[in-house]
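Laboratory data are not the source of any read-out in this text; all were calculated from the coordinates shown. These numbers come from a predicted model, not from an experiment. Ideal geometry is used to build each Cβ from the backbone, glycine not excepted, and the neighbour counts take in all protein chains shown.
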Amino acid sequence: AAMLVSVIAIELFGDEKWALGASTLLITFAILVFAEITPKIIGATHADRIALFLGHILTPLLRLAYPAVWFINLFASGLLHLLRLRPKPSDQSSRLSPEELRSLVLESSNLIPKKHHAILSSLFDLNNITVEDVMTPRGNIEILDLDLPWEEVRTQLATSHHSRLPTCRESLDQLVGVLPVRRLLASIGDPEFDKDALVSQLQAPYYIPAGTPVFSQLAFFQENRQRIGFIVDEYGEILGLLTLEDIIEEFVGDFTTSLPGLGHKLNWSPEGEAIVEGSRSLRDINRMLGLDFPLDGPKTLNGLILEHFQDIPEAGLSIKLNGVPVEILQTRERSVINVRIYRPPPA
């Protein structure tokens, strides 16, 4: 097309350079607009309708052009062989890497619902998260102590908000089993229901090695038909408790009813502040408040503060953690209880 326009320009205007330049610019603009951009926009907008119509035309054209395509590919393959280049098979070249999939999800954030986008984004990180990141820490686990008086045990069973309770003697170091509380609700008021009947209902505890990826543990739960497990370190010490719901909530979001004693949902106040428990996991804080605390070290806000000070700080101290102003409100002998986080200024 460009050559034809140049010939016409020479016939009309002779060897005038401005005519050749103007004709080249004009034909380039026309090709870009009418042969490249506009057809692609129309095709992308009405892809199904156009494909249904053009399919009947392109199929015979592809068959007619097959010999020429075969010859060109044969020549190109020979040239690549001489250059010692091996093209990837078509089935491999069409596969998308995790990074490419992540980019597609990020680019389509305006085209899919916000909730769906959050779930897809969480799935990409699921294999990089370990069970310690989502477990309930040992200090926050509600246990049923068999050494307590029987009336206290019955009262705890009747008022517990959990469907399963770790059952032990004195502490988790002497774990006996897991009690399915819901199965016993009808028996709690029975005068013949005693500790022996309770112990007979205990299920064997399921242990999970520390460092197990959450995605792998989800498969292990499915294979072993388990819904609850105890995280143990290399010495056999129980670090925390993990449930199937904890894993699901990691990428779906909170869907269970808030229970008394559990952390409330975090939000910024109108003054740009948030009161946070020291036992809160950094992942929850980052997700709820939109912060960026590091996740490759301590798992809780208390651990991050203690790592910063290398000591138990006093109440009233203020620090900056990863650029976020934090004021310590309450401490105990061994931990930070509550802090006030100030919303950092926008970057």
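Numerical summary
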| read-out | value |
| --- | --- |
| Within straight-line cross-link reach of Lys40, aspartates and glutamates at Cα separation under 15 Å, skipping those fewer than 8 residues along the same chain | Asp48 |
| Rg/Rh (Cα only; Kirkwood hydrodynamic radius) as it applies to the chain | 1.21 |
| √(5λ) per eigenvalue of the Cα gyration tensor, segment 2-77, largest first, Å | 34, 21, 11 |
| FRET efficiency for Ser216 and Lys115, using Cβ-Cβ distance with R0 set to 25 Å, rounded to 0.05 | 0.45 |
| Sequence-distant residues sharing a close amide H with Gln330 (under 5 Å, placed H) | Ile337, Asn338 |
| Taking Glu333, Glu16 and counting other C-beta atoms within 10 Å, the order from fewest to most | Glu333, Glu16 |
| Nearby lysines by direct alpha-carbon distance to Lys115 (threshold 18 angstrom, same-chain neighbours under 8 apart not counted) | Lys265 |
| FRET efficiency estimate (nearest 0.05) - Cβ-Cβ, Glu314 to Leu85, R0 45 angstrom | 0.10 |
| Sequence-distant residues sharing a close amide H with Ile231 (under 5 Å, placed H) | Ile208, Leu239, Gly240, Leu241, Leu242 |
| Rg in Å to one decimal, and Dmax rounded to a whole Å, for segment 213-347 via C-alpha atoms | 16.6, 50 |
| Kirkwood Rh, Cα atoms: Rg over Rh of segment 59-207 | 1.40 |
| Under the span-like rule (Cα at least 30 Å along the axis, Kyte-Doolittle mean at least -1.0), DSSP H helices of the chain | 47-82 |
| Sites Glu249 and Ile337, calculated FRET efficiency, Cβ-Cβ separation with R0 35 Å, nearest 0.05 | 0.90 |
| Within the chain: Cβ-based charge dipole about Cα centre, in debye rounded to nearest 20 (Lys, Arg +1; Asp, Glu -1) | 1540 debye |
| Residue-wise HN-Hα coupling along segment 139-148, computed from phi with Karplus coefficients 6.51, -1.76, 1.60 (Hz; x: Gly, Pro) | x, 9, 7, 7, 10, 10, 8, 6, 7, 6 |
| Descending principal axes extents, segment 273-342, alpha-carbon based, whole Å | 29, 25, 19 |
| Spatial separation of Cα centroids for segment 97-141 and segment 187-257, in angstrom | 23 Å |
| All-pairs alpha carbon distance profile, segment 35-147, 10 Å steps from 0, percent | 9, 16, 25, 21, 14, 7, 5, 3, 1 |
| Rg and Dmax of segment 129-252, Cα atoms only, in Å | 15.1, 47 |
| Cα centroid separation - segment 322-347 against segment 1-67, whole Å | 63 Å |
| Positive-end residue of Ile119, Trp150, Thr331, charge dipole of the chain with Cβ unit charges | Ile119 |
| Helix-only [θ]222 nm of the chain, DSSP H runs n ≥ 4, -39500 (n - 2.57) each, per residue, nearest 500 | -13500 deg cm²/dmol |
| Value in Å of the Kirkwood radius, where segment 172-239 supplies the Cα pairs that are averaged | 14.0 Å |
